[in-house]
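The structure under discussion appears below in the form of structure tokens.
The values are calculated or read from the model by the stated rules, or taken from the named source; none is laboratory data. Only a predicted model underlies this, so the values are computations on that prediction, with no experimental measurement involved. Cβ atoms come from the backbone with ideal geometry, glycine included; neighbour counts cover every protein chain shown. SASA here: full protein model, heavy atoms, side chains in, ligands and nucleic acids out. Shrake-Rupley method; radii C 1.70, N 1.55, O 1.52, S 1.80 Å.
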Amino acid sequence: MTNPNSPENPGPVPDWPSNRVDLGDLRLNYRSTPDGPRERAVMIHGLAGSATNWTDLSDLLKDQVRTFAPDLPGAGWSPEPEDRDYSVSAHARAMVRFIEWVGGPVHLFGNSLGGAVSVRVAAWRPDLVKSLTLVSPALPDLLPRVGPARVALSAVPGVAEFVVRRMSVAVPPEKRIQATISMCYGDLDCVHPDRLAAAIEELRRRDDLPYSASAMIGSARGIVREYFRPDLWREAARVEAPTLVIHGRRDRIVDARMASRASRAFRDVRIVTLPWAGHVAQMESPQIVAREARALIRECADAPVRL
């Protein structure tokens, strides 16, 4: 089936300006849409991603919510955390502090690693989350596939460090970005040439950061550790916020069959599966994700705050 959202537009939406907030021992860069709507949303990216992964979706929702998309510690433009802890729990603690700064409760979005982080935040702090939208969340799944197998290599001491160093020297950024896109996108026609060029320049910048490799490896190891214990699924069952889970049938990283488990785990959930999408539906099919998210936000916008 052909993706109806394949780009035929003259160019992508410009990324929102990057800002930094100082939360004591935690410094985070974030991008936000202009002030206006009373409702607020926080959007958390996945492994190797950044706040710019949410640009198109943020633009489509900006009349309904003001969105805040942080770069996780050590990712994007955010510096490494002082304790160099990149576990899912550490990211969740950072996002709790960020949401408190934004002024919760918010409509929380998460993709991949960001989905796992969002589930933990929603379970830990239901008072901060009005609704939860998950795009291919990295919840525990031991079914063997190429994508997770590559991530699992990060758990082997010394292996990930060697591979990352070797690739950063031997493989040009263009080829590394192409490999990432091929793994994450269900339809390569969704990638606008301008976005591809920006991703290559961003990777070149990250290659020059002394902590870039350790942040990537640390976050990958955090996901691997979660895959071998059931905590996140138990936390999913504790989530009180109405939840939307979106999967892509062409996802090579998170199996779309996990939608069935999600439908049983969350208390109040709606499942949407997109036949043409891969791992990053908010970038591949932002119009459809926005339509589904809009409906959820409308239902929850005027709901009473949980105390």
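Taking the inverse of the average 1/r across all pairs of different Cα atoms in the chain, what Kirkwood radius in Å do you get?
Computed over Cα pairs of the chain, the Kirkwood hydrodynamic radius comes out at 19.2 Å.
Along Cα→Cβ, 7 Å out, is where each label goes; now give me the distance between the ones at Leu196 and Asn19 in nm to one decimal.
3.4 nm
Taking 0.36 nm per intervening residue step and subtracting the Cα-Cα distance, what contour gain separates Arg298 from Arg225 on full extension?
22.7 nm
So if each residue of separation counts as 0.36 nm, and I subtract the Cα-Cα distance between Asp208 and Leu142, what length gain in nm does that give?
Result for the pair: 20.3 nm of gain on full extension.
Write down the accessible area per residue of the chain in Å², having rolled a 1.4 Å probe over the full set of protein chains.
45 Å²
Convex hull volume of the Cα atoms in the stretch 181-307, per residue, in Å³?
Roughly 155 Å³ of hull volume per residue.
What percentage of the solvent-accessible surface of the chain, computed with a 1.4 Å probe over protein heavy atoms, is contributed by carbon and sulfur atoms?
Carbon-and-sulfur percentage of accessible area, whole number: 55.
Given the chain, what percent of its DSSP beta bridges are antiparallel, to the nearest 5?
25 percent
Could you work out how far apart the two model spin labels at Ala170 and Asp63 are, taking each label as a point 7 Å from the Cα in the direction of the beta carbon, and quote it in nm?
The two pseudo-label positions are separated by 5.2 nm.
Mind checking the dipole of the chain: about its Cα centre, +1 per Lys or Arg Cβ, -1 per Asp or Glu Cβ, Debye to the nearest 20?
My answer is approximately 800 debye.
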